Amino acid sequence: MKASQDKIIIFDTTLRDGEQSPGASMDVHEKVLVAKQLEILGVDKIEAGFPVSSPGDFDAVQAVAGVVKRPTVIGLCRAREEDIRTAWDAVREAKNPGLHTFIATSDIHMKYKLRMTKDEVLGSVENAVGICRSLSESVEFSAEDATRSDWDFLVEVFSTAIASGANTINVPDTVGYTNPQEFSNLITYLKRHVRGIDDVTMSVHCHNDLGLATSNSVAAVLAGARQVECTVNGIGERAGNTSLEEIAMIFTVRKDLYKGLYTGIDTTQIFPTSRLVSHVTGIPVQPNKAVVGSNAFAHEAGIHQDGYLKEHSTYEIMTPETVGLGMSQLVLGKHSGKHALGERLESLGYHVNDKDLKKVFKRFKEIADKKKEIFDADIEAIVIEEIYRVPDKYELKHLNVTSGTVAVPTATVHLMVEGKLVRQAGFGNGPVDALFKTIISMTGFAAELRRFVVSSITGGTDAQGEVTVELMDKGMTAVGQGSDPDILVASAKALINAMNRIEFLRNKKSGELPNL
């Protein structure tokens with residue numbers, strides 16, 4: 001895909017680089033769900049994974065390739081023939097398949113990681129890109145750690161890649177090292193000196209170690225890049241990647257400044273996509289996150305509130321509706337029917353079939369009997385719990401917890417463990433402690449609890465609670481989330497969700513994961 005003069009191609013790597021966030025591993029089902037939503041969102045390319053890293057990742061990339069119709073589905077591969085052919089086998093059945101190969105080009109990487117000379121790296125680039133092009137019409141080449149590489153060597157590397165058949169060249173800021181002016185100068189230099197550069201698309205892939213990923217990406221676009229590699233909610237290695245929603249809204253809100261530049265993103269799908277990725281990966285969105293944070297459209301200061309009430313644009317440069325955040329308050333109740341719920345789901349950006357609607361409606365009625373007011377956030381939580389999470393090794397069936405000023409906190413739990421019902425009771429220092437100790441005891445699960453966070457999805461004492469749990473096991477981190485009007489039930493769901501993620505990681509034969 002060659003970029004037009006003004007369109008910015010959105011290359012989404014949530015399923016690959018985003019999945020490399022600690023604890024964010026997704027199974028096949030979850031990757032397919034996210035990929036379908038990314039297509040609805042309007043991304044141009046989906047980097048579905050790193051197929052050679054594990055059989056599970058191969059299966060997930062292949063599954064995504066089988067369901068996505070419009071975007072290019074891309075498999076990542078090192079500059080090795082085995083990687084390339086494995087990646088191609090995973091994406092070849094896609095309507096629009098693509099390959100993305102890479103090799104490091106900085107002195108520090110070539111010396112300590114690759115142990116290769118510059119001539120050897122150039123030879124690998126020529127060979128790898130040539131193999132990719134013999135298989136796929138869409139070939140991207142990345143120079144890992146480009147921003148710490150010698151500029152003249154980068155010119156030779158990219159010129160070689162283009163001559164060998166690459167139609168997209170990517171300039172990654174792998175460790176978040178550069179700044180906007182420096183990155184702009186680098187892009188300008190490459191545009192002037194790389195042979196054949198005018199015939200291909202220049203891409204950028206920025207990390208956020210210094211909080212400059214989005215700024216660097218925008219600077220690169222102004223210097224001539226026309227593809228931005230990014231992730232939903234900015235998730236990814238270490239401090240994360242360029243945030244897709246920030247890029248989309250920058251070029252939507254500031255059309256006056258970036259005249260003619262645009263993305264193909266349907267901005268009304270940003271918030272539903274953000275919520276889906278957050279729940280599937282188990283990584284909460286920080287409240288003050290730009291565009292999609294819970295405080296992004298909240299006004300606390302009296303002066304701000306006064307101005308906002310008089311004229312919204314005094315303190316809002318974009319409306320919540322623009323990013324798909326509904327402004328309705330009380331929308332449904334226990335007397336509402338399935339049709340009304342279906343309409344509300346559609347307006348929130350969730351497209352469900354009749355079977356899934358029945359599941360959501362059943363849970364909706366259960367919640368409605370406990371709460372007088374059902375908010376959009378409640379409905380979203382139900383959708384995530386009932387549709388986007390599938391039972392794994394552990395599944396909660398029933399729990400009962402007793403506690404008080406004179407009672408010993410006691411938890412009784414019924415779990416399905418690999419299809420077998422297990423019952424047990426246990427004690428603890430408090431209700432949550434008793435609950436967690438009981439679940440851990442009955443499963444024999446051993447992991448360190450690193451984080452336990454409770455938040456309210458909506459206001460009021462009858463609000464659904466959302467619990468986030470982070471577990472650490474032998475260097476593997478998993479984040480789990482659970483929601484329910486009963487905070488103890490939400491806590492159990494979060495713990496079990498994290499346990500299932502740990503089990504997934506244990507069973508996943510991990511290969512070397514790249515960090516572009």
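The values are calculated or read from the model by the stated rules, or taken from the named source; none is laboratory data. Computed from a predicted model, the values in this text were never measured in an experiment. Every residue, glycine as well, gets a Cβ built from its backbone with ideal geometry; the counts of neighbours run over all protein chains shown.
Data table
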| quantity | calculated |
| --- | --- |
| Of all residues making up the range 433-477, the number that are in contact (Cβ under 8 Å) with a residue 12 or more places away in the chain and either part of a strand (DSSP E or B) or among the acidic types (Asp, Glu) (or both) | 21 |
| Residue match in the range 401-416 (condition: in a loop (DSSP other than H, G, I, E, B) and touching a Ser or Thr at 6+ places or on another chain (Cβ under 8 Å)) | yes |
| All positions within the range 35-66 that are of a type outside the set (A, V, I, L, M, F, W, C), farther than 28 Å from Arg506 by Cα and surrounded by 24 or more Cβ atoms within 10 Å (Cβ to Cβ) | Lys45 |
| Matching option when the condition is under 21 Å from the mean Cα position of the chain (by Cα) and either modelled with pLDDT of 95 or more or under 25 Å from Tyr350 (Cα atoms) (or both), among Leu38, Leu122 | Leu38 |
| Neighbours by Cβ (under 6 Å, 6+ apart or cross-chain): first from the range 322-343, closer than 22 Å to Gln269 by Cα and in a loop (DSSP other than H, G, I, E, B); second at pLDDT 75 or above and of a type in the set (Ser, Thr, Tyr) | Gly324/Thr268 |
| Ala90 within 26 Å of Ala63 (Cα to Cα) and surrounded by 24 or more Cβ atoms within 10 Å (Cβ to Cβ) | yes |
| Hey, Phe153 of a type outside the set (Asp, Glu), under 24 Å from the mean Cα position of the chain (by Cα) and assigned by TED's automatic domain parsing to the domain that holds Ile74 or not | no |
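Results for (1) under 23 Å from Glu82 (Cα atoms); (2) surrounded by 14 or more Cβ atoms within 10 Å (Cβ to Cβ), shown as yes or no for each residue.
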| site | (1), (2) |
| --- | --- |
| His100 | yes, yes |
| Ile108 | no, no |
| Ser138 | yes, yes |
| Asp152 | no, no |
| Glu156 | no, yes |
| Thr160 | yes, yes |
| Ile169 | yes, yes |
| Phe183 | no, yes |
| Leu186 | no, yes |
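Residue-wise test of (1) within 22 Å of Gln5 (Cα to Cα); (2) assigned to a helix (DSSP H, G or I); (3) of a type in the set (D, E, K, R); (4) out of contact with any Phe, Trp or Tyr (no Cβ under 9 Å at 6 or more places or on another chain).
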position	(1), (2), (3), (4)
Ile103	no, no, no, no
Tyr112	no, yes, no, yes
Ala128	no, yes, no, no
Ser142	yes, no, no, no
Phe153	no, yes, no, yes
Ile162	yes, yes, no, no
Thr178	no, no, no, yes
Ile187	yes, yes, no, yes
Lys191	yes, yes, yes, yes
